[in-house]
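For reference, the structure is listed below as structure tokens.
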Ligand code: ATR
């Protein structure tokens, strides 16, 4: 599958070209390079975005190396997001709030001694380079649900499937966005109980229950990894919940354009969207953090779609609002997020 931005769309690499990168392990599946390079190009930036397979034991050295080479910024994906909290020099409030770092901006001091993003310091920096850690994942969850499903989150009832890392962040972020109620379901119920307790501690006014709702919900959100592999079934128990009781369904999985969960939801009459928007918005925010400019979201979305679904036969799936009755989606490919 072709995953690159055509070189003709970008200025040639020269000695003046600046770099950002994503570190992860594994990393070869990442769709971030085509997305970010398309964004850089659309903004006319002489920047490139690279991907490096970095083992956790070498994350510290890799961040130090990026500083030494005056990279502008980094993204971090599995398994580095938690580790990075202790490896950066400064934490933005977003990273403090969510306890993980998926974006680093390198900063240096200008001639007047003011700390500024390296992208603003064309002639280098006096003194040490500092790494500032941000979290752009949490905000991307709610932005994608709001925009791709056209669903305002305040006042909605939510059934959240999954209580791993992604489920936990989603539960807390949804509670902070003012949902009316949260039902949490997880294969291992104890993890759902633990997440429910964490939500109640931080957002005591949001009613949280572990288990399936008995009435209707406006949103069912899949935050489990069920749907990543071809042949996966549904992430919930159909004897205990029917999608006909849901208004909209969101699946964090995006490598399979239409998971069995989204297909069932679409056939049940739900509005549906997959997790492509989460990947898009976390990346768009990272680009804004590095550059100080508004991200060209439409261009980045097109590049992502091309990178992830481009080689397929059938209609391209854009991960956005899909109304019931649309043609079936491209065939599945297992994959993981980032
Ligand atoms: P992530 O960071 O992506 O959330 P994770 O922390 O490993 O990854 O969480 C994976 C989630 O998918 C968990 O909710 C997990 O349920 P358990 O807590 O019971 O492990 C869920 N999950 C994974 N495989 C599953 C399966 N076959 N059926 C149901 N849930 C599954």
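No lab work stands behind these numbers, since they all come straight from the coordinates. Remember, it's a predicted structure, so these values are computed and weren't measured experimentally. Note that each Cβ is placed from the backbone with ideal geometry, even for glycine, and that neighbours are counted across all protein chains shown.
A few remarks follow.
- Mean separation of Cα contacts under 8 Å (6+ apart) over length of segment 139-275, as relative contact order %: 23
- Using alpha-carbon coordinates, inclination of helix 59-68 to the longest axis of the chain, degrees: 40
- For the chain, a Gaussian network of Cα nodes joined below 10 Å ranks 197, 238, 258 by mean-square fluctuation, and the top entry is 238.
- C-alpha long axis of helix 189-202 to longest principal axis of the chain, angle in °: 70
- In this rough spin-label picture, where each label sits 7 Å from Cα along the Cβ direction, the residue 201-residue 188 distance is 1.8 nm.
- Residue with peak Gaussian network fluctuation, the chain [Cα springs, cutoff 10 Å], from 157, 168, 28: 28
- Using the Cβ-Cβ distance between residue 70 and residue 230 with R0 set to 51 Å, the FRET efficiency from 1/(1 + (r/R0)^6) comes to roughly 0.75.
- Rg ratio for segment 139-275: its Cα radius of gyration over 2.2 N^0.38 Å, N being its residue count, equals 0.94.
- Once the chain from residue 180 to residue 268 is taken as fully extended at 0.36 nm per residue, the excess over their C-alpha distance is 29.4 nm.
- Straightening the chain between residue 110 and residue 154 buys 11.6 nm, computed as 0.36 nm per residue apart minus the Cα-Cα spacing.
- Per-residue ellipticity at 222 nm from helix content only, as computed over the chain with -39500 (n - 2.57) for each DSSP H run of at least four residues, stands at -9000 deg cm²/dmol.
- Gaussian network model of the chain, Cα within-10 Å springs - most flexible of 51, 42, 175: 42
- Virtual spin-label span in nm between residue 96 and residue 43, 7 Å along Cα→Cβ: 2.5
- Spacing of the two label points (7 Å from each Cα toward its C-beta) at residue 60 and residue 89, in nm: 1.7
- Gyration tensor verdict on segment 23-151 (Cα atoms; rounded if a/c is under 1.5, prolate if a/b is larger than b/c, oblate otherwise): rounded
- On Cα atoms only, tilt of 32-42 relative to the major axis of the chain in degrees: 60
- Of the beta bridges in the chain, as assigned by DSSP with both residues counted there, near 30 percent are antiparallel.
- Distance histogram for the chain (every C-alpha pair counted, 10 angstrom bins, percent rounded to whole numbers): 6, 25, 33, 23, 10, 3, 0
- With contacts taken as Cα pairs under 8 Å at a separation of at least 6 residues, the chain carries a relative contact order of 17 percent.
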